[in-house]
Amino acid sequence: MKKITVNASKKYDILIADNLLENTGDLILGVAKPQTVAIITDDIVDGLYSKTVENSLEKSNLKHIKYVIKSGEESKNGNNFLKICEFLAENQITRSDLIIALGGGVVGDLAGFVASAYLRGIDFIQIPTTLLSCVDSSVGGKTAIDIESGKNLVGAFYQPRLVICDYSTLNTLSDEVFSQGCAEVIKYAVIGNTELFSHLQKNKKDFDREYVISECVKMKRDIVQRDEFDKGDRQLLNLGHTIGHAVELKSNFEIAHGEAVAIGLCMIANASYKKGLCFEQTKNDIINIIKDFDLPVSASFSADELYKTALNDKKRTGDTIKLIIPYSIGDSRLLKIKTDEILSFIEEGI
């Protein structure tokens with residue numbers, strides 16, 4: 001088992017191994033002594049893994065309750081946020097209790113935001129069950145819900161008490177969902193890990209899961225410790241996301257997050273090459289590896305449509321915005337531009 005420790009505003013461990021779910025109760029008792037554990041999950045994960053977690057909690061004499069949302073990005077909304085808060089209050093959950101976020105990024109973001117706000121903050125534990133949530137969203141304390149104007153525009157920085165990453169859960173993912181998580185893995189490699197990029201090029205989807213997840217988590221840990229509240233370096237983790245989020249929102253979430261990130265990566269690589277910011281080989285390497293992982297490289301939306309949506313990006317400050325540019329594989333940097341310049345980047349990207 002790999003253990004990676006994050007020293008942010010709250011110190012906590014990320015445990016990475018297979019078949020960890022059956023030890024959930026004991027792992028919780030190693031960091032907290034709750035009276036009641038509230039499991040928040042979705043209707044797909046519930047049928048796959050809730051019973052294993054619940055059995056483990058019972059063996060550890062931990063009382064538990066459960067709230068199940070419909071799977072999908074559409075569930076990450078204010079209505080569900082309030083419903084879960086009411087559910088916790090009705091079940092007399094107190095600050096001495098804790099929440100388990102059992103699922104992918106949607107569950108983790110929503111449950112984490114609930115934990116940050118309910119009673120002004122109670123402990124929560126992330127148990128990611130998708131590749132995307134294992135390598136990215138479960139680590140670092142970003143929690144949020146979506147509103148009509150954009151994705152993740154309402155949320156809080158709130159670190160978990162523990163992350164239990166049981167990568168045996170990836171065995172039940174469809175090939176499509178697994179590929180979507182690979183977009184985030186590729187993102188990490190392009191940002192700052194040439195060895196990881198080479199491993200992915202060589203092994204494609206047959207990569208070493210423990211190695212890849214650990215490398216991504218270590219990279220995120222290091223960035224979060226330098227910039228927990230997203231004022232500087234942490235924005236590097238949004239490589240491909242400014243355009244990707246716009247694609248995701250314009251599709252009404254019919255294009256999944258990982259697919260949108262893949263499109264965003266290809267578009268920013270194209271634009272960077274055309275603007276003389278990266279070499280043609282860098283652009284080709286990014287697009288080719290996206291194709292190798294069966295991910296899309298383009299979307300049908302116009303530059304103007306994506307531009308208007310991208311203006312709501314969280315990295316915008318007044319009339320400027322920070323884009324993340326891949327200068328070469330393993331070397332991505334923040335570039336501050338005027339908001340009206342985004343249109344040019346999107347046009348070049350298309």
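What follows is calculated from the coordinates using simple rules that are stated; it is not laboratory data. The structure displayed is predicted, hence computed values, not measured ones. Using ideal geometry, Cβ is built from the backbone for each residue, glycine included, and neighbour counts are taken over all protein chains shown.
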message = Loop-only GluC sites (Glu not before Pro) in the stretch 242-328, please: DSSP not H, G, I, E or B, and at most 16 other Cβ atoms within 10 Å.
response = Glu254
remark   = With +1 on the Cβ of every Lys and Arg and -1 on the Cβ of every Asp and Glu, the dipole magnitude of the stretch 2-172 about its Cα centre, in debye rounded to the nearest 20, is 580 debye
remark   = Scoring only Lys, Arg, Asp and Glu (+1, +1, -1, -1) among other residues with Cβ under 9 Å from the Cβ of His199 yields -2
message = Classify the stretch 197-264 from the C-alpha gyration tensor, please: rounded if a/c falls under 1.5, else prolate or oblate depending on whether a/b exceeds b/c.
response = oblate
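Fewest Cβ neighbours within 10 Å first, please rank Lys33, Lys204 accordingly. Numbers along the way, then the final one.
Values: Lys33 9, Lys204 13.
Taking fewest neighbouring Cβ atoms as first place, the list is Lys33, Lys204.
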note = Each label sits 7 Å from Cα toward the beta-carbon; between Asn312 and Lys51 the label points are separated, in nm, by 4.1 nm
query = Could you give the dipole magnitude of the stretch 199-277 about its Cα centre, charging the beta-carbon of Lys and Arg +1 and that of Asp and Glu -1, in debye to the nearest 20?
reply = 280 debye
remark   = Straight-line reach check, Lys70, cutoff 13 Å on alpha carbons, 8 or more apart in-chain or any other chain, hits among aspartates and glutamates -> Asp42, Asp43, Asp46
note = When the charge dipole of the chain is computed with +1 at the Cβ of Lys and Arg and -1 at the Cβ of Asp and Glu, the Cα pointing farthest to the positive end, of Gln281, Cys216, Phe293, is that of Cys216
key: Filtered chymotrypsin sites (Phe, Trp or Tyr not before Pro), the stretch 244-350: DSSP coil and at most 14 other beta carbons within 10 Å   = Phe279
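Taking the beta-carbon count within 10 Å as an exposure proxy, list Glu54, Glu176 from fewest neighbours to most.
Details: Glu54 18, Glu176 12.
Arranged by neighbour count, lowest to highest, Glu54, Glu176 become Glu176, Glu54.
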request  = Any aspartates and glutamates with Cα under 17 Å of the Lys338 Cα? List them, leaving off those in the same chain fewer than 8 positions away.
outcome  = Asp304, Asp313, Asp319, Glu347, Glu348
inquiry  = As a test, work out the antiparallel percent of DSSP beta bridges whose residues both lie in the chain, rounded to the nearest 5.
reply    = 45 percent
query = Any idea what angle helix 280-292 forms with the longest principal axis of the chain, computed on alpha-carbon atoms, 0 to 90 degrees, nearest 10?
reply = 40 degrees
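Compute the relative contact order of the chain as a whole-number percentage, counting only Cα pairs closer than 8 Å that sit 6 or more residues apart in sequence. Let's see the in-between values first.
Details: 694 pairs, mean separation 53.7, N = 350.
Once divided by the residue count of the chain, the mean separation gives 15 percent.
Beyond 31 Å between alpha-carbons counts as too far, so tell me which of Lys250/Lys274; Lys187/Lys274; Lys59/Lys220; Lys3/Lys275 fall in that bin. Don't skip to the answer; put the middle values down first.
On the way: Lys250/Lys274 25 Å; Lys187/Lys274 20 Å; Lys59/Lys220 33 Å; Lys3/Lys275 42 Å.
Distance filter (> 31 Å) returns Lys59/Lys220; Lys3/Lys275.
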request  = With θ set to phi - 60°, apply the Karplus curve 6.51 cos²θ - 1.76 cosθ + 1.60 along the stretch 241-255 and write out the HN-Hα couplings as whole Hz, x wherever there is a Gly or Pro.
outcome  = 8, 4, 6, x, 5, 5, 4, 4, 5, 5, 7, 6, 6, 6, 8
